[in-house]
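Here the structure is laid out as structure tokens; the discussion comes afterwards.
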Amino acid sequence: KEVRGYEDMRLVSGVFWNRIEIGQALESCASLAYILGVNKSIYTTEDTQVDSIYNTYQNPGLPPGPVSNPGINAIKAAIYPQDSNYLYFLSSSEDGSTKFAETYEQHLENKRRFLQ
């Protein structure tokens with residue numbers, strides 16, 4: 001739900017598994033869209049505070065169930081994640097391409113450069 005294209009799905013799956021491994025929250029916008037019932041290009045801090053067991057900004061690990069109807073590529077990506085050192089990603093507001101980062105500082109730079 002977060003990205004387009006199978007290879008990016010595999011990388012995002014790897015990001016989520018990397019986060020789970022180190023105990024970092026998944027912070028998935030897809031979970032916010034599911035809870036709030038609306039897709040936004042950018043969610044607010046207030047959005048991330050919503051009380052729900054599906055809120056991956058507030059609750060560690062995977063949500064208790066799916067937050068959408070995954071296609072076969074999303075399911076395959078979940079089973080076969082791409083190994084990387086990435087912990088962050090975003091979709092560029094310019095062209096929808098996925099920008100990955102290993103550190104929070106790199107992620108902030110990607111936000112500055114690719115989100116408008």
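So for the stretch 29-51 (the condition being farther than 16 Å from residue 98 by Cα, open to solvent by 80 Å² or more (accessible area, probe 1.4 Å), modelled with pLDDT under 95 and in a loop (DSSP other than H, G, I, E, B)), does at least one residue qualify? Yes, the stretch 29-51 contains a residue that is farther than 16 Å from residue 98 by Cα, open to solvent by 80 Å² or more (accessible area, probe 1.4 Å), modelled with pLDDT under 95 and in a loop (DSSP other than H, G, I, E, B).
I'd like the full set of residues that are surrounded by fewer than 14 Cβ atoms within 10 Å (Cβ to Cβ) and among the hydroxyl-bearing types (Ser, Thr, Tyr), limited to the stretch 85-116. Answer for the stretch 85-116, where residues must be surrounded by fewer than 14 Cβ atoms within 10 Å (Cβ to Cβ) and among the hydroxyl-bearing types (Ser, Thr, Tyr): 93, 97, 103, 104. Restricted to the stretch 9-28, and to residues there that are in contact with an Asp or Glu (Cβ under 7 Å, 6 or more places away or on another chain) and assigned to a helix (DSSP H, G or I), the residue that is farthest from residue 84 (Cα to Cα) is 12. Every condition in (1) surrounded by 14 or more Cβ atoms within 10 Å (Cβ to Cβ); (2) in contact (Cβ under 8 Å) with a residue 40 or more places away in the chain holds for residue 4 except the one numbered (1).
Figure legend. Inter-residue proximity from the stretch 89-100: first residues under 13 Å from residue 111 (Cβ atoms) and assigned to a loop (DSSP other than H, G, I, E, B), second residues at pLDDT below 95 and open to solvent by 30 Å² or more (accessible area, probe 1.4 Å), beta-carbon distance below 6 Å, spacing 6+ or different chains. Indicated pairs: 92/114; 93/115; 93/116.
The values are calculated or read from the model by the stated rules, or taken from the named source; none is laboratory data. Just so it is clear, the model here is predicted, and its values are computed rather than measured. Positions of Cβ are backbone-derived with ideal geometry, glycine not excepted, and every protein chain shown enters the neighbour counts. These area figures cover heavy atoms from the full protein model, side chains too; ligands, DNA and RNA do not enter into them. Shrake-Rupley method; radii C 1.70, N 1.55, O 1.52, S 1.80 Å.
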